[in-house]
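Written out below as structure tokens is the structure these notes cover.
Computed from the coordinates by the stated procedures, all read-outs in this text should not be read as laboratory data. Small disclaimer: the values here were computed from a predicted structure and weren't measured. Note that we place each Cβ from the backbone using ideal geometry, even for glycine, and neighbour counts take in every protein chain shown.
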């Protein structure tokens, strides 16, 4: 998986609790992305980062925040998890822009009860 | 109308068949076209990358882009059971503001 790890790989949590997902890369790529994948919707971009402390919103950013304090780490936080955020979350990296090849991590399966 | 449309399938074929997977799109500004393959419970991996129009071949895989029809295709020759996966098309415009994915087509190749 191109030097990308995600943690945790599985998580079950309750509605209203905060959740943080971590993406770690060893490729020194500039761009990092968080996607969610749901049946019937495919992959949708939540947030992305184009450098340390530089982030921007994607298509489905409501209810999510991100932080990138180091090149190798990109955190996705659900401030107060809801059942609609039950999904599989993928982190991806690319060396240049969105148009560059994106390499995906193994995914985190999140269930919000 | 969604920006990218992809038939979800499932598509079932016998081993050795030629498979055709397709996506249509509405945004004429798209210039970068990709096909990703995703095995069950894994992350997507890039299979083919095409810029603008034309064909690209890599082993058993051929990607075609028809910008006049806003239509892209992925052909798999001599399909194998190991090709059983979900295939996602993805595309972006010149500005590279975001990669837009199709919903994916699930392919099953039986031996």
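What relative contact order, as a whole-number percentage, does chain A give when Cα pairs under 8 Å and 6 or more residues apart are counted?
It rounds to 36 percent for chain A.
Give the shape of chain B as rounded, prolate or oblate, defined through the alpha-carbon gyration tensor: a ≥ b ≥ c are the square roots of its eigenvalues, a/c under 1.5 means rounded, and otherwise the shape is prolate if a/b is larger than b/c and oblate if not. It comes out prolate by the Cα gyration axes. Mean partner shielding of peptide A:38-51, defined as the number of other chain Cβ atoms within 10 Å of each residue Cβ, is 3. Averaging the Cα positions of each part gives two centres, and for the range B:39-111 and the range A:1-38 these lie 24 Å apart. Please work out whether chain A counts as rounded, prolate or oblate from its C-alpha gyration tensor, where a ≥ b ≥ c are the square roots of the eigenvalues and a/c under 1.5 means rounded, while otherwise a/b larger than b/c means prolate and anything else oblate? Prolate, since a/c reaches 1.5 and a/b exceeds b/c. Between residue A:5 and residue A:71, full extension at 0.36 nm per residue minus the direct alpha carbon distance yields a gain of 22.4 nm.
Shape analysis of the range B:46-85 places it in the prolate category; the axes a ≥ b ≥ c from the Cα gyration tensor give an a/c of at least 1.5, with a/b above b/c.
By the Kirkwood approach, averaging reciprocal distances over each pair of separate Cα atoms, the protein assembly as shown gets a hydrodynamic radius of 18.0 Å. Peptide A:105-113 is shielded by partner chain Cβ atoms: per residue, an average of 1 of them sit within 10 Å of its Cβ. Residues considered: A:84, A:61, A:94. Largest GNM mean-square fluctuation over chain A, using C-alpha springs under 10 Å, is found at A:84. Along its first, second and third principal axes, ordered by size, the range A:50-113 spans 37, 22, 21 Å in Cα coordinates. Label reach from residue B:53 (point 7 Å along Cα→C-beta): in the range B:59-100, amide nitrogens under 16 Å belong to B:64-73. Normalised by the number of residues in the range B:3-54, the average gap of Cα pairs under 8 Å and 6 or more apart makes the relative contact order 29 percent.
The relative contact order of chain B comes to 37 percent, based on Cα pairs under 8 Å that sit 6 or more residues apart.
When chain A is treated as a GNM, springs tying every alpha-carbon pair under 10 Å, which of A:43, A:21, A:75 comes out with the largest mean-square fluctuation? Of the options given, A:43 has the highest mean-square fluctuation. The distance between label points at residue A:12 and residue A:56 comes to 3.9 nm (points 7 Å beyond Cα on the Cα→Cβ vector).
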